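J.: Sharing a structure, written as structure tokens. Questions coming.
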Amino acid sequence: IDDKREGKAKVDLKKRELIKNSIKLAPILSLIPGCSSCEEEIYSLSSEKPYVPGAERWHEGEEKYLKSACGQCQVSCGIIVRVVEGRAVRVMGNPKSSPNRGIVGPKGLTSIFALYDPDRIKSPLINRGKGIWEEISYSDAINIISEKLKEKLKEPNKIAILCGRQKGFIKEIFERFAQVIGTPNFYDYSEKSFSTRAILYAMRESFGVFDLPGFDLENTRYILSVGSAIFETTCHGLMLSRSSYKIKYGVPTQRAKILHVDHFYSHTASQADEFIQVKFGKYHIFLLGIAHQLIKEGKYDKDFVREKTQGFDDFADFVKDFAPQRVEEETGVLSKDIVRISRELWYSRPSVVIVDERSTLFTNGLLISSLSLSINALLGNINKPGGLFLVRDISFAPWKQINSNIKGNKIDFSQLPDSDVDTLLIYYFNPVYSEVENSRWRKFIEKADFVVSFSPFMDETSYLADIIIPDHTPLERFEDAQSLSSIPYAGFGLRKPVVTPLFNTKNAGDVIIDIGKKLGFEDEFYFDNFEKAVRERLKNFDLDLLEKDGWWEDPEKKGKDFNKFKFTDPKMFEEPKWVGEGDLYLFPYKSISYAEGSGANIPFLMELSARLKGVPAYMAYETFCEISSSLAEKLKLRNFEDVYISNEKGKIKAKVLIRDGIPDDVVLVELGKGHTEFGRFAKGKGANPRDIIPLVKSQAGNAALYVARVKIEKI
Ligand code: SF4
């Protein structure tokens, strides 16, 4: 049994005895219902464990707890991984890590599922056409990529680099590569249709800072959440969970109240102290009403407004038109509630207004984000305990300066499929699945001359690539773990391998450095490897302490200084745009567990999401058309009946799910299903609502997600 060349793991004596005894007991066990296959099950659980590279270096029964950082999303929570005999078996939260303080969300727990996913790409692959992939060596792959890029460097503007990360040295190394080869076409996470772009752009407009705001949730006394998913999919969920004891059960006179305003009764609504329903697409009017009332009653921080802001007079003029009565007519929120909420915000200070990506995926998401910042500014809570924080920059040491060879202008991301770009390097970006009008992206990637994908999994975009360089999964990788989250103080973690890489995979950073060198840019890519490049940036930090704690946090615990806050420009005002003849609004939303689709290859997350919706686990892989009971009655639809959700773009099939708390003019569809690739667990399950979402650009410049009007047809 102990034959590693055969891919088998060692079995200890106790397990052998157990097998022997179970074989003896098999005739008896087979009489017990459900036990007829005990023999095989025990066997498969013990002696057939997959071989783990490097396991021979572990002592029998050896158990370790290793610090790293979760890489299942960009919050990058600090984690502690239990590793037994070389296998990662459990993920726990690192108490020192500020986004999660010792807890971990379901997606983080399943980092192990991603590591041991049977459909991982196990070696570099070259596409031989007609779905035939051939394994090649790294040196061959790097030679082919370098030769091809050398040809393409004559016209670098025809090369695009898509890097689905917002922060971190891996993004910076790809960006450096773009600068060195001279292409302006570098795109990061903020270009995606499902991203926090509107908030990032609002922060840049208002504070001159291109970063997410931080919120001191542990010390606030009042949270006004407008359409956000603070108890669901964002990092707020973790922060709130760890703060919720204090928030919900603290000393009565001090505990924070959570008021959630949304168009439907979400999981976040169910966790809030109070829920107020607002019409879909009217968050901006609600926020304007709150700003109106605060200014009208003089309930704003006059010192802060005088000393640290600009544009207040224009803003005050702008909000004059949004008196509570008008807001009630447009939003459905009672005027007395507008008055009450604005007073609660003022008298409960420190209080915060929070919007997140879910609140801001309308075409006017920038306006919504900007208004939320303006109300926070009126409350005078900027960089104050319990308020909104500008997160300070972390003083990473720089790499050696390079000269940028970029000439010409960057092509707008949404126009990329119609451009003459014919060469793509793609890292953690899957536009063929995750962008609206994904058929455009499919055609674009199909017709491109040369595409390289750096992905651990065969997702839809990788499937159309010419070469796939399989990246390590996060539990095998060394890199910085800078958090894209709403923690109030600067902090970052260290992501370290907790197991020996299972397959012939490499950190994409190593490969991009090698390609840079092959292209003759040795001076720019002077690093031996990506780990050395990361360590160079971290030389101002006590690395031993960082490795021991797994997380570094700004000891000064203060916000970043800013010049002047700029109130929302009245010219920004616009209503959300809608496309289509249907009489229902399509609201595609991110799953509470498997996100916008990036966790759809993990069955546990799919089934968890179904159970949280009250749907049987065997239906976890269906797409649901979630509607109110009165709409179902009007359309004569029953629960779990098959329907088409359709518009001018096409139709998707779904099962009716009748839920309380959904407006009669809205259809909810969870994002994340309908993969055409991405492994056995995700492929061919359910439908992708992006198939019927037309491309309409948002104020922030990316594709808006809430734009489709649809109808429901019985099948
Ligand atoms: S919030 Fe993100 S980083 Fe944190 S545990 Fe969940 S998936 Fe991992």
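The values are calculated or read from the model by the stated rules, or taken from the named source; none is laboratory data. Predicted model, so just to flag it, every value in this text is computed and none were measured. As a convention, Cβ positions derive from the backbone with ideal geometry for all residues, glycine included, and neighbour counts pool all protein chains shown. SASA here: full protein model, heavy atoms, side chains in, ligands and nucleic acids out. Shrake-Rupley method; radii C 1.70, N 1.55, O 1.52, S 1.80 Å.
J.: Okay, which of the range 307-341 sit inside 15 Å, backbone N to the point 7 Å along the Cα-Cβ direction of D665?
T.: The answer is 328-333, whose backbone nitrogens lie closer than 15 Å to the label point.
J.: Within 10 Å, count the other beta carbons around each residue, average over each peptide in 583-593, 512-522, and list them highest first.
T.: My ranking of the peptides, most packed first, is 583-593, 512-522.
J.: First check a/c for the range 524-609, with a ≥ b ≥ c the square roots of the eigenvalues of its C-alpha gyration tensor; if it is under 1.5, answer rounded, and if not, answer prolate when a/b is larger than b/c or oblate otherwise.
T.: Judged from the Cα gyration tensor, the range 524-609 comes out oblate (a/c at least 1.5, b/c at or above a/b).
J.: Near R535, within a Cβ-to-Cβ distance under 15 Å, what is the net charge of the other residues, with Lys and Arg +1 and Asp and Glu -1?
T.: Net of charged neighbours comes to -3.
J.: Which FRET efficiency value, to the nearest 0.05, do you get for N563 and L612 by plugging their Cβ-Cβ distance into 1/(1 + (r/R0)^6) with R0 = 45 Å?
T.: For N563 and L612, the calculated efficiency is 0.55.
J.: With each run of n ≥ 4 DSSP H residues scored as -39500 (n - 2.57), what mean residue ellipticity at 222 nm is computed for the chain after dividing by its residue count and rounding to the nearest 500 deg cm²/dmol?
T.: It lands at -9000 deg cm²/dmol.
J.: Taking 10 °C and 1.306 mPa s as the conditions, I'd like the Stokes-Einstein D for the range 213-389 in µm²/s, using the Kirkwood hydrodynamic radius from alpha carbon pairs.
T.: Reported coefficient: 99 µm²/s.
J.: Another question, then. Once the mean 1/r over all distinct Cα pairs of the range 252-357 is inverted, what Kirkwood radius in angstroms do you read off?
T.: About 14.7 Å for the range 252-357.
J.: Now for a separate question. At a Förster radius of 60 Å, what calculated FRET efficiency corresponds to the Cβ-Cβ distance of K130 and N540, to the nearest 0.05?
T.: Using R0 = 60 Å, I get an efficiency of 0.70.
J.: Multiply the residue separation of E147 and K714 by 0.36 nm, subtract the distance between their alpha-carbon atoms, and state the gained length in nm to one decimal.
T.: Stretched out fully, the E147 to K714 stretch lengthens by 198.7 nm.
J.: When the accessible area of the range 57-100 is split by element with a 1.4 Å probe, what percent falls to carbon and sulfur?
T.: That share works out to 49 percent.
J.: Sticking with this structure for a sec: Tell me the GluC sites (Glu not before Pro) within the range 531-625 that lie in a loop according to DSSP and have at most 15 other beta-carbon atoms within 10 Å.
T.: Filter output for the range 531-625: E556, E574, E581.
J.: Another one. Looking only at the chain, where both bridge partners belong to it, what percent of the DSSP beta bridges are antiparallel (to the nearest 5)?
T.: Approximately 50 percent, going by the DSSP bridge assignments.
J.: Kindly state, to the nearest 0.05, the FRET efficiency for Y65 paired with K296, given R0 = 51 Å and r defined as their beta-carbon distance.
T.: Efficiency, rounded to the nearest 0.05: 0.35.
J.: Still on this model: Based on alpha-carbon atoms only, what is the radius of gyration of the chain relative to the globular estimate 2.2 N^0.38 Å?
T.: In units of the globular-protein estimate, the chain measures up at 0.99.
J.: Tell me the net charge near M606. Cut-off is 9 Å between Cβ atoms, M606 excluded, with +1 for each Lys or Arg and -1 for each Asp or Glu.
T.: Net of charged neighbours comes to +1.
J.: A follow-up question, please. Under the classification rounded if a/c is under 1.5, otherwise prolate if a/b is larger than b/c and oblate if not, where does the range 57-100 fall, given a ≥ b ≥ c as square roots of the Cα gyration tensor eigenvalues?
T.: Since a/c reaches 1.5 and a/b is larger than b/c, the shape of the range 57-100 is classed as prolate.
J.: Classify the range 584-714: rounded, prolate or oblate, from the alpha-carbon gyration tensor (a ≥ b ≥ c, eigenvalue square roots; a/c under 1.5 rounded; otherwise prolate if a/b is larger than b/c)?
T.: In terms of gyration-tensor shape, oblate.
J.: Please give the length that would be gained between R204 and I402 if that part of the chain were fully extended, namely 0.36 nm times their separation in residues minus their C-alpha to C-alpha distance (nm, one decimal).
T.: The R204-I402 span can extend by a further 68.7 nm.
J.: Take the eigenvalues of the Cα gyration tensor for the range 370-521, scale each by 5, and report the square roots as semi-axes in whole Å, largest first.
T.: 33, 24, 18
J.: Using a 1.4 Å probe over the heavy atoms of the protein chains, calculate the carbon and sulfur portion of the accessible area of the range 381-432 as a whole percent.
T.: Roughly 48 percent, rounded to a whole number.
J.: Could you work out the relative contact order of the range 147-190, using alpha carbon pairs under 8 angstrom and six or more residues apart, expressed as a whole percent?
T.: Worked out over the range 147-190, it gives 48 percent.
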